[in-house]
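A short worksheet on the structure shown next.
The values are calculated or read from the model by the stated rules, or taken from the named source; none is laboratory data. All figures in this text were calculated on a predicted structure; none of them were measured in a lab. Virtual Cβ from ideal backbone geometry, glycine too; neighbours counted across all protein chains shown. Please note that ligands, DNA and RNA were not included when accessible areas were found on the heavy atoms of the full protein model with its side chains. Shrake-Rupley method; radii C 1.70, N 1.55, O 1.52, S 1.80 Å.
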Amino acid sequence: MTEGTENLVDAAASADASSRRATVWEQLVRNTSVMVGGAIMALMVLIAICAPLLGTMDPSDIDPAWRNKKPGTERTLTADDGTQSTWVYLMGTDTLGRDTYSRVIYGAQVSLAVGLIVAVLSLAIGLVVGMVSGYIRWLDGIVMRVMDGLMAIPGILLAIALVSLADAGLVTVILAITIPEIPRVVRLVRSIVLSIREEPYVEAAISVGTRLHLILIRHVLPNTIAPLIVQGTYICASAILVEAILSFLGVGIPPETPTWGNIMAEGRILFRVFPHNILFPGIFLAITVLAVNMLGDGLRDTLDPRMRKRL
Amino acid sequence: MFGFIIQRLLATIPVLGMVAVFVFLMLRLTPGDPAAVLAGDNGTPEQIEQIRQSLGLNEPLLVQLGIWVGNLLQGDFGQSYFFKKDVAELILLRVEPTLALAITTLILTIAVAVPIGVIAAYKHGTWIDRAVMAFSVAGFSVPVFVLGYILIYVFAMEVKLFPVQGYKEISDGFWPFLHRLILPSITLSVIYIALIARITRASVLEILGEDYIRTAYAKGLTPSTVLRKHALRNAAVPIVTVIGIGIALLIGGVVVTESVYNIPGLGRLTVDAVLGRDYPTIQAVIIVFSFVYVVINLLVDLTYSLLDPRIRY
Amino acid sequence: MTDAPTQPILEIDNLTIDLPEGNDRRHAVDGVSISVGPREIVCLVGESGSGKSVTAFSIMGLLPKGQLTPSGGAIRLMGENVLEASEERLRELRGARMSMIFQEPMTALNPTMTCGDQIEEVLTTHTDLDQATRQTKILDILEQVQLPDPPRMAASYPHQLSGGQRQRIMIAMALVLEPVLLIADEPTTALDVTTQEQILKLMKEIQKTHDTAVLFITHDFGVVAEIADRVAVMQWGKVVEEGSSEAVLKRPQAPYTRMLIGAVPSFTPHGRPREAKAPVVLATDGLCKTYGGGGFFQRARPVHAAQDVSLEVRRGETLGIVGESGSGKSTVARCIARLIDPTSGHIYLDSDDIAQASQSRLRSLRRRVQIVFQDPYRSLNPRRTVGASIVEGPMNYGMSGAAAYERARELMSLVRLDPTALDRFPHQFSGGQRQRICIARALAMEPDLLIADEAVSALDVSVQAQVLELLDDIRRRLDLAMLFITHDLRVAAQVCDTVAVMHRGQVVEYGDAASVFSDPQHDYTRALFAAAPGRGFDFGGALASG
């Protein structure tokens, strides 16, 4: 941009910035991606929390008599006192006669939990390692070599290999997905630290005798928050996907636990006849990941416009 | 230039070294005694001890690492627990399908992603831009295997355009070979196209804000000339970089896609090895994939100097 | 001026350009009328935000779409209104009939194309000349812009050339098709003063040989004095004064012009008497800073950013370090502030040598040296109130919050800002005000030595004059020693008692400001002074008599 227009646009930007604190929320509310993504996410969280109240049955209830039913199949249940009621298999049943609808609804719990925990864990670890690495020269070399090594192993492959080490379970899966995400967060934080420490206001703080830990907390840390929130949403989306992939390949969370990946893994065998066991969880999974990604894009545009360049 | 190549080559050694150490430690952290596994259910304690000796399992950890790395460098990846075969041999048998799938996917990706990214950047803010961006977010969100099954359902089962699953070697004829690769390649490329289209759009958009683009317009050039001769060329370095980094995504996708389409490649081998807790094979596959990934990104680094005259080594 | 009235090459008639909604004013350019006659150089002068560049870009039709739109008036190039021209017609005109050169030669050329190819592109776009003729024309124009070895220059990429050479390439590209109008948007602002002199000279010469009309945008009255035939002064989107260069510079009429010209620092040193017995606050002895060297495969040559620099500053005095970019003047300042570690030599603060002091010992010494940086927009943490920035230092050394804020209020008054504004954020202040806040932050530490590292360079000339005056006032009132780093000789003449001229990491001349300015000894110093634009023109004097 030219000097003239830049100043003009700057003038506009600074008029805008003067009321920035008040408008961050307004900007978020005005952003369609944030609103749509956020709304779908809120709905999914609600579904996960209220799973028992949504007309579900026990998702692990096996009923050999009602195996492989198409969506919409009706069944008459007789209670102990003799009253009869009709149960509709909204999404059909799987090869063991479990209700797919119930399993899909309960599956939201695992997916969202994995997404959130992985995001929080990798951000927390990455933030600490990245900050320390960006400010302590001799440590930086070592840390970055380890990170380079970790990054040289394609993420999903590393996760698959890591789950094979321990007994399959939620904790193993979460750790296996978190570890490959850490190097990217470390690099992001480190690059922010390295660029902020060159800022004149940080040098001014050094000149007035501010101690290192205060410089990090006061001047560097606040600059990492917006990019980390954005990065966190992307990690959450990717973690939900990777969890589903691990379960689908049969190396993730044990098959009796209802997760979207597990339901689809079950459904693979009879896919040609009963595609619903792949389609329904697949749609839920895709919509959830889409919502998180949209939320991430929207947050990036409002909180951290400079990051548009990155992915 | 030559000095730079040497330097970059040397710089990959510590990276690959880290990978080797990780993978080695992973094996040593696993539960169970490899010797006992190799000896099988009927192995006598003597047999097990003999295997322990031959594998060097009684040596200190560092010596074991040395032996193992030494074997790796000679192409000896050890014995598969599961297939009871040389792992190296096993891998060689599985390379062709994976390589074929990766190459077709890569070609498809670049042919689609770069043009739509450039158009989106030029038509910034219009419905075309929004459509490309929407596709890109969606492409990023649809799980590879869900997409795979949808494509099979639509194009192989409802409309019988393609075979449902399976793989034919190129020696069985080019068309049967390619025919079976089309659906898997499309499946695998969608997420990759989403990634590359996005970075292409972002880089071109950024270049379009540069001073020399204004200079180009001030010379009286048409928008298409500006786009082709000035913008795309300067945006090439970040695009190529992400194509290189995206190989990681591609490798992850290969594992899933091969499972969905029943293609007997390295991805399937990985899954089978993990399911069978076949640690030597898992190690070997990780090492091979990481090696390929590092080498590709090394090549990407070396192309920078061809793309941007400012980068001279 | 007895010439018969000829048709002007460029005629801007009552041009109005709207700003996007939500700005503090409605028009970027408001009813501007300027004309440029054949073979005439018209300077458009103004401070940032005056609308001078917007006017220039609107002629080329290069305004950012959707942000700035011409809403009234006409721009006639040889009688043709370009505001009504189609995109296609505009493309025909650009590069052929009118062309433009820009401020930043570093970024205005495509880094992935050779300079020759970039010039050739103009020819292929607008003419049907064959390959051989194009090559001849390219080499010919490169010769005309006085570049050495034209074939090599044509084959070079922009990054292989210096800033001055790149600007010559830009001029060659602009003039290769002999346009009738050349628009130059601050073409020398990013260049060092000696390079600026050469480019200005070249533009004058080549304008004569090519009979080109030139619209020259600048903020620098020195440049105006060098190059302009006529001048138009802009403020807030309006032309406030127009006339011949001679008339406007010597007898400015509009109050704004008078203020602007009055604010240009005089070249004559202030000549205030020095206190010979004042104690030495800072002395450097053989200070060196070397970068690089070593490197395993690429034998990086060590860069001697500062070599054997020995200076001293006494209490109540200002030492100016003057030099062009890359001369090492900022390196010296940053070594003294210990933001970087000197390679060798001594830095004495009173009697303490801080050159190799450890971080822990440094902490107690830091408060004695404070620094004010160049960029007022990056010197304050945008997320903290200015009060928090000012009290940070004193509170680091144990002052209570209440006492520190009390002191901050006093300092705000001292730097002539509203003491109640401490709870505001930096973005609510202008550049000049932010620089005052930075000065207050430095003074809060009660330093013995204040370093101003190009502290007024980013400011408009009128604001610059105020900040300079403030710095001088503070130095006097607090009896401070000051180290003043600048590339601007006029500024140095105004504030310094002693001057050190740096060139390629070395001090080439060092002495009393009065004697250095009146009788420079070193060749480089002489060249530097000779290159200063408008040196023959005493702005302060002009105003006194006018």
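Remarks
- Residues A:25, B:175, ordered by accessible area of protein heavy atoms at a 1.4 angstrom probe radius and largest first, appear as A:25, B:175.
- Size of the range B:127-209: Rg and Dmax of its alpha carbons, in Å, are 16.3, 52.
- Net charge, residue C:242 excluded, C-beta distance under 14 Å - Lys, Arg +1, Asp, Glu -1: -2
- Area of residue C:312 that stays accessible when all protein chains are in place (1.4 Å probe, Å², to 10): 80 Å²
- Helices in chain B that qualify as membrane-span-like (whole DSSP H runs, Cα extent of at least 24 Å along the helix axis, mean Kyte-Doolittle hydropathy of -0.5 or higher) are B:2-29, B:87-122, B:174-208, B:233-261, B:279-307.
- Neighbour net charge for residue C:401 - beta-carbon separation under 12 angstrom, K R +1, D E -1: -1
- Inverse of mean 1/r across different Cα pairs in the range C:200-263, Kirkwood, Å: 12.5 Å
- Taking every full run of DSSP H in chain C, none both stretches at least 27 Å from end to end by Cα along its long axis and averages -1.0 or higher on the Kyte-Doolittle scale.
- Ligands, DNA and RNA left out, the accessible area of the range B:1-95 computed with a 1.4 Å probe is 65% carbon and sulfur.
- Accessible solvent surface per residue of the protein assembly as shown, calculated while the other protein chains remain in place, 1.4 angstrom probe, Å²: 42 Å²
- Beta bridges assigned by DSSP with both partners in the protein assembly as shown are antiparallel in approximately 55 percent of cases.
- Backbone HN-Hα couplings from phi across the range A:204-219 [Karplus 6.51/-1.76/1.60, Hz, Gly and Pro as x]: 4, 5, 4, 4, 8, x, 6, 6, 3, 5, 6, 4, 4, 6, 7, 9
- Drop in accessible area of at least 30 Å² in the complex versus isolated chain, residues of the range B:121-142, 1.4 Å probe: B:137, B:140, B:141
- From the C-alpha gyration tensor of chain B, square roots of 5λ in Å: 44, 27, 15
- Computed over neighbours whose Cβ is under 14 Å from that of residue A:111, the net charge equals 0, Lys and Arg +1, Asp and Glu -1.
- Shielding by partners for peptide C:178-187, expressed as the average number of C-beta atoms from other protein chains within 10 Å of each residue's C-beta, is 1.
- Of all the options A:79, A:124, A:39, the one that moves most in a Gaussian network model of chain A with Cα springs shorter than 10 angstrom is A:79.
- Across the alpha-carbon atoms of the range C:1-109, the computed radius of gyration and Dmax are 14.6, 48 angstrom.
- Inter-chain Cβ neighbour average for residues A:290-299, partner chain, 10 Å: 3
- Förster radius 41 Å - calculated FRET efficiency between residue C:301 and residue C:189 (Cβ-Cβ, nearest 0.05): 0.85
- Residue among A:214, A:170, A:116 with the largest mean-square fluctuation in a Gaussian network model of chain A, springs linking Cα atoms under 10 Å: A:214
- Ranking of C:149, C:472 by solvent-accessible surface, largest first: C:149, C:472 (1.4 Å probe, protein heavy atoms only, all chains present).
- Extent along the principal axes, Cα only, for the range A:216-311: 58, 23, 18 Å, with the longest axis given first.
- R0 of 30 Å, Cβ-Cβ distance residue A:67-residue A:43: FRET efficiency to nearest 0.05: 0.45
- log₁₀ of I(q)/I(0) at q = 0.08, 0.10 Å⁻¹ - chain A, Debye sum with one point per alpha carbon: -0.49, -0.70
- Here chain C carries DSSP beta bridges of which approximately 55% are antiparallel, counting only pairs with both residues inside.
- Gyration tensor analysis over the Cα atoms of the range C:227-288 returns equivalent ellipsoid semi-axes of 42, 15, 12 Å (largest first, whole Å).
- Projected-area mean, the range C:114-168, by convex hull of Cα positions, square nanometres: 3.5 nm²
- Radius of gyration and maximum dimension Dmax of the range C:363-454, Cα, Å: 12.1, 33
- Backbone HN-Hα couplings from phi across the range A:94-108 [Karplus 6.51/-1.76/1.60, Hz, Gly and Pro as x]: 9, 5, 9, x, 8, 6, 5, 4, 4, 5, 5, 4, 5, x, 4
- Interface burial for C against B (accessible surface, 1.4 Å probe, total of both chains, Å², rounded to 100): 2200 Å²
- Residues whose placed amide H lies under 5 Å from that of residue C:17, excluding near-sequence neighbours: C:28, C:29, C:30, C:31, C:71
- Rounded to whole numbers, the Karplus 3J(HN,Hα) couplings from phi for the range C:222-229 are x, 5, 4, 4, 6, 10, 7, 8 Hz, using 6.51 cos²θ - 1.76 cosθ + 1.60 with θ = phi - 60°, and x at Gly and Pro.
- C-alpha long axis of helix A:3-17 to longest principal axis of chain A, angle in °: 60 degrees
- Computed per residue of the protein assembly as shown from DSSP H runs no shorter than four, each worth -39500 (n - 2.57), the mean residue ellipticity at 222 nm is -18000 deg cm²/dmol.
- Amide H contacts of residue C:374 (H built 1.01 Å from N, under 5 Å, at least 5 apart or other chain): none
- The range A:183-245 and the range C:472-508 have Cα centres separated by 38 Å.
- Mean-position separation - Cα centroids, the range B:7-86 and the range B:257-301, in angstrom: 18 Å
- Portion, in percent, of the accessible area of chain C that falls on carbon or sulfur, probe 1.4 Å: 48 percent
- Calculated FRET efficiency, residue A:283 to residue B:291, Cβ-Cβ distance, R0 = 35 Å: about 0.40 to the nearest 0.05.
- For residue C:235, distant residues with modelled amide H under 5 Å away: C:240
- The range C:240-265 and the range B:103-177 have Cα centres spaced 67 Å apart.
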